[in-house]
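Scroll down for the structure; my scribbles are underneath it.
The values are calculated or read from the model by the stated rules, or taken from the named source; none is laboratory data. Remember, predicted model here, so these are calculated numbers, not experimental data. Here the Cβ is made from the backbone with ideal geometry for all residues, glycine too, and neighbour counts use every protein chain on show.
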Amino acid sequence: MSELSGKVQTVLGLVDPDQLGRTMTHEHLTMSFGCGYFPPPSGDEAVAENPFQMQHMHWLRQNPYSCHENLLLQQETSAVRDELLAYRKAGGGTIVENTTVGIDRDLPTLKQHAKDTGVHVIAGAGYYVDSTHTEATKRMSVEKLTDTIVSEVLHGGDGTDIRCGVIGEIGTGWPITESEMKVLKATAHAQIQLGCPVIIHPGRNPEAPAEVLRILQEAGGDISKTVMSHLDRTIFDDGELLEFAKLGSYLEYDLFGTEMLNYHYNLEVDMPSDSQRVKALAFLVKEGYDDKIVVAHDIHTKSRLTKYGGHGYSHILNNIVPKMLMRGISQRQVDKILIDNPKHWLTFK
Ligand SMILES: CC(=O)NCCS(=O)(=O)O
């Protein structure tokens, strides 16, 4: 049995799973999202260059990816530290930091945040979507990718001794590219060796989540220890959602706080409101999936920090939990979603 077995691995070392408390399973504390830049609507170029003013806040929330500066979360170390202190005060215990290779993972900053704030931070191993894979990454074999991911968990990532406690978010698009396919296979192979949690960023198509699980399963991955992220922008039909839920992964609603009319990456998608997200959770609970739901905000732009008028990392604890209780989700079920399910997912086998 490995020393990881029965434990959770944070950036400060191994902890007992019962120490985690309320956990957001998909956040970013420092990253750059330049790969997600989307040109502003015609005529809005001047606003896009200087959006951090009161009169532009609505524009920024509607066009978060059309301003280069908004994509530089890594410039906000001090604001994020303040937010983590507020998160603790609101009853938060742990954050899973999903920044992987390709979007500027910064393990020393994560470790410093954990030390400064007392919030448990769990870092992610592996690779983001194809457009961020370097030529060197694309040339790597599945075996080499597997060894690299395993090493990030056992020894530390990016030349540090800071160890990752989860594989992901592993980035995939739609259709899944050859390079993403290799990373998915490597993820499954690493999971076989480590017995560790995995988290996936699926492509923006309702078929994408199931296709990723199929690939992982075929490569030997453990679906019951895998979180499927971003379901709130991916599967909209109740029947399709239940079909997907039957496959056995954790079901993550992780864009709480995001309310936009036009989702630039896929205009076919009507991004739900927070009320609609809560409704989806209540539906899944009613259908018996309360052991499988996890939630988060997936903060990845500056505009979502409270410093810039955003909702911050405590929005779910402060505002969404009361709404969940009002919509028929019991306190016990809320505790499962926020405490028990993340704990079971994050514990190494
Ligand atoms: C950082 C990240 O992957 N965010 C997800 C954005 S998306 O719009 O849900 O794909």
Among the residues listed as Leu247, Leu317, Leu338, the single one being more than 15 Å from the ligand (Cβ to nearest atom) and crowded, with 22+ Cβ neighbours inside 10 Å: Leu338
- prompt: Taking region 151-199, which residues are touching a residue at least 60 places away in the same chain (Cβ under 8 Å) and among the polar types (S, T, N, Q)?
  reply: Thr187
Residue ID - modelled with the lowest pLDDT, chosen from residues in region 1-38 that are more than 25 Å from Val295 (Cα to Cα) and exposed (fewer than 12 other Cβ atoms within 10 Å of the Cβ): Met1
- line: Counted residues in region 1-47 being away from the ligand (no atom under 16 Å from the Cβ) and not β-branched (Val, Ile, Thr) come to 26
Residue that is nearest to Gln193 (Cα to Cα) [pool: residues in region 227-261 that are of a type in the set (Asp, Glu) and more than 19 Å from the chain's Cα centre (by Cα)]: Glu243
Sole residue being within 16 Å of the ligand (Cβ to nearest atom) and surrounded by 23 or more Cβ atoms within 10 Å (Cβ to Cβ), chosen from Ile149, Ile167: Ile167
field: Close pairs (7 angstrom Cβ cut-off, 6 or more residues apart or separate chains): in contact (Cβ under 8 Å) with a residue 40 or more places away in the chain and under 14 Å from Asp298 (Cβ atoms) in region 80-101, among the acidic types (Asp, Glu) and buried (at least 17 other Cβ atoms within 10 Å of the Cβ) anywhere
entry: Ile95/Glu27; Val96/Glu27; Glu97/Glu27; Asn98/Glu27; Asn98/Glu169; Thr100/Glu169
message: Criterion first (within 13 Å of the ligand (Cβ to nearest atom), within 23 Å of Met57 (Cα to Cα) and aromatic (Phe, Trp, Tyr)) does Tyr253 satisfy it?
response: no
- request: Among the candidates Val285, Val269, single out the residue that is at pLDDT below 95, more than 21 Å from Thr100 (Cβ to Cβ) and either surrounded by fewer than 20 Cβ atoms within 10 Å (Cβ to Cβ) or more than 11 Å from the ligand (Cβ to nearest atom) (or both).
  value: Val269
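Of the residues Ser314, Ser275, Ser224, which is over 19 Å from the mean Cα position of the chain (by Cα), at pLDDT 95 or above and among the polar types (S, T, N, Q)?
Just one listed residue meets the conditions, Ser275.
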Candidates His311, His297, His264, filtered to the one that is over 23 Å from Val198 (Cα atoms), outside any helix (DSSP H, G or I) and either without any contact (Cβ under 8 Å) to a residue 12 or more places away in the chain or touching a Gly at 6+ places or on another chain (Cβ under 7 Å) (or both): His311
field: Among the candidates Val96, Val80, residue that is outside any helix (DSSP H, G or I) and of a type outside the set (Lys, Arg)
entry: Val96
task: Test Ala210 against the criterion of being touching a residue at least 12 places away in the same chain (Cβ under 8 Å), farther than 28 Å from His264 by Cα and more than 16 Å from the ligand (Cβ to nearest atom), and give yes or no.
output: no
